[in-house]
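Only one structure is covered here, and it is reproduced in the block below.
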Amino acid sequence: MIVKTEFEFIQNYLSDASNFKSNSCDGVFIPESYDELIELVKSSREKKTGITISGAGTGLVGGRVPQSGIVISLEKFNQILNLQLDKKLVDVQCFVTLNELQNYLDGYGLFYPPDPTEKNCSIGGTIATNASGARTLKYGPTRNWIESITIILPDGEIFSLKRGDIIAEGLKFNFKINSGKRFEFTLPDFRMPEVKNAAGYFIQPDMDLIDLFIGSEGTLGIIVEAELKLLNKPDDLISMVIFFDTFDDAYEFVSISRSDNKLDEFKLINPRALEFFDDRSLKFLSSKFPNAQNKKFAVWFEQEIYDCDKDQLIDQISKLILKLNGDLEQIWFAFNEKEINDIKEFRHSISALVNEYISRNNLRKVGTDIAVPSNHFKEFYLYCCDECIKKSINYVGYGHIGNNHLHFNMLPVDKEQNELAIKLYREFCVKAIEMGGTISAEHGIGKLKKQYFELMYPEKVLREMFEIKKIFDPDLILNPGNIFPDKFYKNQL
Ligand SMILES: Cc1cc2nc3c(=O)[nH]c(=O)nc-3n(C[C@H](O)[C@H](O)[C@H](O)COP(=O)(O)OP(=O)(O)OC[C@H]3O[C@@H](n4cnc5c(N)ncnc54)[C@H](O)[C@@H]3O)c2cc1C
């Protein structure tokens, strides 16, 4: 086991990509075997020392930032263990990065559908946050691609859990783990919003136990291994950025493209990604991508070609673009692998360019991760824009429009505007919840979004959710401070 306590070393574990920071921790522990990890968890439990689990630190809500106690970094568990080509399954340790996995699978003509924009995240981190990405439109979030996980529970027990093995009866779980220890509990009775959602535990009648651990942000157990489902790489791919003069046309293009009830003339259209850029995002992007210069709204469209005629498909997409007043001459079409990657880079660059602008000008970003149901999306987006314009707060809106989920980032220029933006953020959350949406569609709650999570459910529901944590982690040692209000943790410690 590697143990580090010098500040120069541990400071790398005191923040994540959100820039949320902690001042210190009692040390960073880097176990080199599962036995070492188990011993460390057991001794922490005996001493009632808090443990914060660190993946690759690309999270955006401060989840891996320690509040107290020690940090356990899982970085030594970085092996791809076994590929079952016939079953299209791969076993990995938790610290294999998404990039490493995709590069490895490329050689076998396979791919793993979950694709959060940041590729340096660890697979364990993506499971803990149930990460999503552009391809979530077609393939759903990470949970849909997890066949089994191996978890170290907060008492040091190791627990392997396969999808389908342990299912709730209604809201009741009653099961034994490998060691013979029995768990019996009732889930809270509430409905999650029917949108892409990463806020709090996944809870549904008759659910699979594996889904409780996926997306639990490291509060129930440490995921050390996972078996992931894979797909064959498509024969071919169409990728293009389409520019529109109005938001209405851009959104209508999205609505028709993703609809299950298309007219015959658009039947072949079935994108795996529909990503949006508003005029302000395109202005940022034009510094690096001249194609974006002087454009108003854009949609990145990506579709796999399996059994359909590519020319016919392109014909249908072109007709749809023309119907919505788009200009075929202006389309940025990818003709080869390099250009497909250039378009991906275009999408990936927007967050980096916004972040650079913020640090260059010593500003702050107040960024949302809200999703609302389709029937409210347009109203919600226009409301956010209007409120910012009224208060003269600069903003950029981009992201996963196919899932009615944008990263609407406010860019206040001074303290006064920052306060206004934070107030607006809360108002956006309230409005989204009223519309049946979520305050976090993919980043999770961590330590930064707890006050908004409290707006989503009544305190009774949050307390019942917290009771589930206490069943697995009665001493509250695992990822203290994540997801739940501070007062819940304080009352227990
Ligand atoms: C530029 C950029 C773009 C991004 N785009 C997206 C996007 O499109 N979609 C999206 O969903 N996310 C996105 N993210 C967020 C981020 O990549 C994900 O949250 C990622 O899944 C976190 O993985 P990680 O290994 O970095 O975890 P960390 O940041 O280290 O940890 C995240 C949380 O998971 C817990 N954790 C980590 N590993 C484990 C484990 N093995 N067992 C139990 N708990 C664990 C941590 O304690 C923490 O609570 C983006 C981030 C950046 C910087």
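The values are calculated or read from the model by the stated rules, or taken from the named source; none is laboratory data. Computed from a predicted structure; not experimentally measured. We place every Cβ from the backbone using ideal geometry, glycine too, and count neighbours over all the protein chains shown.
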Filter result for H407 (within 14 Å of the ligand (Cβ to nearest atom), assigned by TED's automatic domain parsing to the domain that holds R280 and either part of a strand (DSSP E or B) or touching a strand residue (DSSP E or B) at 6+ places or on another chain (Cβ under 6 Å) (or both)): yes
Residues within region 344-391 that are under 22 Å from K288 (Cα atoms), more than 16 Å from the ligand (Cβ to nearest atom) and among the β-branched types (V, I, T), tallied: 0
Condition broken by K119, with the remaining ones in (1) in contact (Cβ under 8 Å) with a residue 60 or more places away in the chain; (2) surrounded by fewer than 21 Cβ atoms within 10 Å (Cβ to Cβ); (3) within 12 Å of the ligand (Cβ to nearest atom); (4) of a type outside the set (A, V, I, L, M, F, W, C) satisfied: (1)
Residues (hydrophobic (A, V, I, L, M, F, W, C), touching a Cys at 6+ places or on another chain (Cβ under 6 Å) and within 13 Å of D369 (Cα to Cα)) located in region 430-471: I439
Per-region count, region 48-64, residues within 14 Å of I483 (Cα to Cα), assigned to a loop (DSSP other than H, G, I, E, B) and touching a Cys at 6+ places or on another chain (Cβ under 9 Å): 1
D91 vs. criteria away from the ligand (no atom under 12 Å from the Cβ), charged (D, E, K, R) and surrounded by fewer than 16 Cβ atoms within 10 Å (Cβ to Cβ): no
Subset of region 173-203 (residues that are in a strand (DSSP E or B) and among the acidic types (D, E)): E184
V71 being of a type in the set (A, V, I, L, M), touching a strand residue (DSSP E or B) at 6+ places or on another chain (Cβ under 6 Å), more than 10 Å from the ligand (Cβ to nearest atom) and more than 30 Å from L230 (Cα to Cα): no
Strands (runs of 3 or more DSSP E) enclosed by region 211-330 - at least 2 residues per element that are over 26 Å from the mean Cα position of the chain (by Cα), touching a residue at least 12 places away in the same chain (Cβ under 8 Å) and under 30 Å from M410 (Cα atoms): 236-244
Residues of region 17-37 satisfying the condition of being within 14 Å of the ligand (Cβ to nearest atom) and not in a strand (DSSP E or B): A17, S18, N19, F20, S22, C25, P31, Y34, L37
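Take F333 and tell me if it is of a type in the set (A, V, I, L, M, F, W, C) and in contact with a Pro (Cβ under 7 Å, 6 or more places away or on another chain).
no
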Y104 touching a strand residue (DSSP E or B) at 6+ places or on another chain (Cβ under 8 Å), assigned to a loop (DSSP other than H, G, I, E, B), away from the ligand (no atom under 13 Å from the Cβ) and not β-branched (V, I, T): no
Members of region 421-464 found to be outside any loop (DSSP other than H, G, I, E, B), of a type in the set (A, V, I, L, M, F, W, C) and within 16 Å of the ligand (Cβ to nearest atom), listed by number: F453
Count of region 128-138 residues which are crowded, with 23+ Cβ neighbours inside 10 Å and either near the ligand (Cβ under 7 Å from one of its atoms) or in a loop (DSSP other than H, G, I, E, B) (or both): 7
Candidates I80, I149 - the one that is at pLDDT 95 or above and within 14 Å of the ligand (Cβ to nearest atom): I149
